[in-house]
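The values are calculated or read from the model by the stated rules, or taken from the named source; none is laboratory data. These numbers come from a predicted model, not from an experiment. No Cβ is skipped: glycine too gets one built from the backbone with ideal geometry, and neighbour counts run over all protein chains shown. Side chains included, ligands, DNA and RNA excluded: accessible areas come from the protein's heavy atoms. Shrake-Rupley method; radii C 1.70, N 1.55, O 1.52, S 1.80 Å.
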Amino acid sequence: QLDSTQTRAKTLAGLGGKEGTVVLAEKQTSGRGRLNREWHSADGGLWFSILLRPAIQPSQVPQLPLIFSIAVADALEKTGAVTCKLKWPNDVWLAPKKPKSKFKKVCGILSEMSAESDKVNWLVTGIGINVNNKIPPALRKQAISLHEALGHKANRSELLVNLLERMEKTYEDFLKNGFNSLRKTYLHRSLLTGKRVTVTELTRTYTGIAESIAPDGSLLIRDKTHKLRAVLAGDITLSSSPLPVRRRGETGDDQGGGENQNPSNISHPPNTPAPNTPR
Ligand code: ATP
Ligand code: BTN
């Protein structure tokens with residue numbers, strides 16, 4: 001049992017820990033997601049963090065949760081009759097392979113790093129997967145376990161070994177060929193593309209249609225004014241409200257205003273302090 005595998009892996013990173021170090025816990029007492037949001041991590045799940053030291057630019061770091069989510073989806077589908085979709089940027093959603101079953105979140109990925117302007121010192125990627133753990137009632141609408149989707153318990157050691165192998169392969173592919181070489185695979189599994197979404201940034205919220213994923217990994221949203229906006233990080237919810245299409249020239253912002261010109265537009269929910277690490 002640990003407070004958080006993420007915290008432990010970051011301590012090891014600061015002490016010079018080697019690339020590939022994995023910290024795994026049976027249970028976390030203070031598991032967390034982005035912005036210190038609580039991550040429920042009871043017995044029976046797979047909760048681990050990996051220390052990496054990639055020779056990439058800090059601007060490429062947000063691409064890592066994307067490529068690792070592909071590995072998670074492949075490994076989960078290998079366990080049985082389940083289907084996975086990727087919710088940009090850091091979630092894997094799961095449904096049993098039967099008609100009309102609903103996709104819910106089975107896995108979340110958290111990336112934290114130490115970097116200089118042009119160099120990544122270390123990166124810790126935390127992965128939380130609901131395998132055989134019980135989902136608390138408050139999360140049941142949005143979260144699912146692999147056990148629930150399969151209809152029986154899953155073998156966590158087999159899943160972990162398979163996942164680590166896939167993550168290693170995907171990571172090597174990424175280091176050699178870049179995110180663009182994995183982009184099509186990501187798009188193939190994307191939950192959001194073609195759907196109406198709501199984007200919540202620090203100072204505004206807007207709706208639009210998620211159109212694609214850019215070669216740099218950002219989510220491309222066509223807003224009401226038909227403008228294509230690139231979101232590098234943000235809170236994205238599938239939106240059920242109708243999307244009124246305004247004429248060109250009218251503002252597309254529902255709140256706040258002005259176009260976000262910040263090339264590293266790490267966005268945060270309103271009134272939330274910005275984290276000093278990427279998602
Ligand atoms: P979201 O899940 O809302 O798309 P996110 O993936 O970026 O956002 P965070 O903003 O990091 O997630 O916050 C973690 C979210 O995951 C919280 O909203 C919490 O309700 C939810 N959560 C916590 N524990 C679990 C779990 N074991 N399985 C699924 N979801 C969980
Ligand atoms: C998300 O919010 O979707 C990301 C959740 C990441 C949870 C994992 S579990 C292992 C590691 N330790 C933590 O405290 N968080 C990550």
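Worth pointing out:
- Theoretical FRET efficiency, 1/(1+(r/R0)^6), r = Cβ-Cβ of Leu175 and Lys153, R0 35 Å, to 0.05: 0.50
- Distance between the pseudo-spin-label points of Lys134 and Thr203 (7 Å out from Cα toward the beta carbon): 4.7 nm.
- In degrees, nearest ten, helix 5-14 long axis to first principal axis of the chain (Cα): 90 degrees
- For the stretch 10-127, the Cα gyration tensor yields ellipsoid semi-axes of 27, 17, 12 Å (square root of five times each eigenvalue, largest first, whole Å).
- Full-extension gain in nm, Ala230 to Asp118, via 0.36 nm per residue minus C-alpha separation: 38.1 nm
- To the nearest ten degrees, helix 156-177 and the longest principal axis of the Cα atoms of the chain are 50 degrees apart.
- For the chain, the per residue solvent-accessible surface stands at 48 Å², with DNA, RNA and ligands left out and a 1.4 Å probe.
- Long-range Cα-Cα pairs in the stretch 7-79 (distance over 18 Å), rounded percent: 55 percent
- Helical contribution to [θ] at 222 nm, DSSP H n ≥ 4, -39,500 (n - 2.57), averaged over the chain, rounded to 500: -7000 deg cm²/dmol
- One chain, two ends: Gln60 and Ala81. Fully extended at 0.36 nm per residue, the span grows by 4.2 nm beyond their Cα-Cα distance.
- Across Lys18/Lys78; Lys85/Lys169; Lys100/Lys169; Lys97/Lys153, pairs whose alpha-carbon gap is larger than 23 Å: Lys18/Lys78; Lys100/Lys169
- Note on Trp93: accessible area is roughly 50 Å² with a 1.4 Å probe, heavy atoms of protein only.
- Computed FRET value (nearest 0.05) for Leu238 with Lys97, which takes r as the C-beta separation and R₀ as 22 Å: 0.60
- Other residues with beta-carbon under 11 Å from the beta-carbon of Gly194 carry, at +1 per Lys or Arg and -1 per Asp or Glu, a net charge of +2.
- Distant-in-sequence amide H partners of Ala143 (H built 1.01 Å from N, under 5 Å): Lys105
- With the whole protein complex present, Lys105 retains an accessible surface near 50 Å², based on a 1.4 Å probe.
- The phi torsions of the stretch 39-50, fed into the Karplus equation with coefficients 6.51, -1.76 and 1.60 and a -60° offset, translate into couplings of 10, 5, 9, 7, 3, x, x, 10, 10, 8, 9, 10 Hz, rounded to whole numbers, with Gly and Pro shown as x.
- Alpha carbon Rg of the chain, scaled by the compact-globule rule 2.2 N^0.38 Å: 0.99
- Leu24 contributes about 90 Å² of solvent-accessible surface, heavy atoms of the protein only, 1.4 Å probe.
- Subtracting the Cα-Cα distance of Ala214 and Thr11 from their residue separation scaled by 0.36 nm leaves 69.7 nm.
- Heavy-atom surface analysis with a 1.4 Å probe gives the chain a carbon and sulfur content of 51 percent of its accessible area.
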